[in-house]
1. Could you please let me know if K199 is modelled with pLDDT of 90 or more and within 25 Å of S91 (Cα to Cα)?
2. Give me the residue from segment 56-72 that is over 13 Å from L30 (Cβ atoms) and either polar (S, T, N, Q) or in contact (Cβ under 8 Å) with a residue 12 or more places away in the chain (or both) and, out of that set, surrounded by the fewest Cβ atoms within 10 Å (Cβ to Cβ).
3. Report yes if V74 is assigned to a helix (DSSP H, G or I) and either in contact with a Gly (Cβ under 9 Å, 6 or more places away or on another chain) or not hydroxyl-bearing (S, T, Y) (or both), otherwise no.
4. All but one of (1) in a loop (DSSP other than H, G, I, E, B); (2) under 22 Å from V181 (Cα atoms); (3) open to solvent by 80 Å² or more (accessible area, probe 1.4 Å) hold for E128, so report the exception by its number.
5. On the given criteria, is R193 free of Cβ contacts under 8 Å to residues at least 24 places away in the same chain, open to solvent by 30 Å² or more (accessible area, probe 1.4 Å) and among the charged types (D, E, K, R)?
6. Given the options F119, F145, F137, name the one that is open to solvent by less than 30 Å² (accessible area, probe 1.4 Å) and modelled with pLDDT of 95 or more.
7. Within the bounds of segment 155-172, is there any residue that is surrounded by fewer than 14 Cβ atoms within 10 Å (Cβ to Cβ) and over 18 Å from Q195 (Cβ atoms)?
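The values are calculated or read from the model by the stated rules, or taken from the named source; none is laboratory data. No experiment lies behind these values; they were computed from the predicted model shown. Every residue, glycine among them, receives a Cβ derived from its backbone with ideal geometry; neighbour counts consider all protein chains shown. The accessibility values were calculated without ligands, DNA or RNA, using every heavy atom of the protein model including side chains. Shrake-Rupley method; radii C 1.70, N 1.55, O 1.52, S 1.80 Å.
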Amino acid sequence: MLKILQKLLIGVLTFFPTIALAGVPNGTWLSQPQIRFYANRNALDQVMRDIQSQGYRLVFLDFRGVADDVQEQVSQQARNHNLIPIAWIQSPQYRRLTIEQIINEARHTDGLQVDDHFFANYSARDFEYLANQYRKFIFCSIQPFQKNLVPRYGCNQIDVQCYTSPTFKQCLNLANQLNAVVSLYEKDTFKYRTQIGGKNFNVFLWPYINQRISDTGNFR
């Protein structure tokens, strides 16, 4: 009987290949304007509920200029829905943030994310100092051409920004080489989520579901 069930399962996966190849939701981003929008409309509970209902476990948060009490509220609402709040350290070079200031930006969250802007403007020694000083999760997000800037240690998770269709296959190959999460762009490469071989994926930005909240916009 077991062998029969195994053969049936293999047959189903062959007949419906998207079942075997569907990606696994990992994280999504909320921009500063989105955070302000949801906070001003007392909709933080609902948006975190919606994100969790789609299977995500991480929410990357752009807290630039967001009031301290709102940062606390957003982070707690994420935890209330079994999401892990991560401070998305956006464009630290323009604000000339020190490593200590970067760490301070994540004071209300359970981790921080440094992205391609960090790796383009800070040194390997800066990251090493960050990894040694910060005691929570560090998420590293790179563009494909930055593969040689991936730190040897210190990243709890790496994701590669696969945001354009023409280069998607090459980007996916790089993510496989790095054992990295594939970050998809909801206006372009999100449509390839069923073709990434069961890998974890992020989506930039929320919302990406059919029922869009047009007032929030999508801010990059």
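1. Values: modelled with pLDDT of 90 or more: yes; within 25 Å of S91 (Cα to Cα): no.
It is false that K199 is modelled with pLDDT of 90 or more and within 25 Å of S91 (Cα to Cα).
2. G65
3. Yes: the conditions hold for V74.
4. (1)
5. Numbers: free of Cβ contacts under 8 Å to residues at least 24 places away in the same chain: no; open to solvent by 30 Å² or more (accessible area, probe 1.4 Å): yes; among the charged types (D, E, K, R): yes.
No; evaluated as a whole, the condition is false for this residue.
6. F119
7. yes
Matching residues to (1) part of a loop (DSSP other than H, G, I, E, B); (2) closer than 16 Å to G23 by Cα; (3) in contact with a Phe, Trp or Tyr (Cβ under 7 Å, 6 or more places away or on another chain):
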{"position": "S141", "(1), (2), (3)": "no, no, no"}
{"position": "R152", "(1), (2), (3)": "yes, no, no"}
{"position": "F168", "(1), (2), (3)": "no, yes, yes"}
{"position": "L172", "(1), (2), (3)": "no, yes, no"}
{"position": "V182", "(1), (2), (3)": "no, yes, yes"}
{"position": "Y192", "(1), (2), (3)": "no, yes, yes"}
{"position": "F201", "(1), (2), (3)": "no, yes, no"}
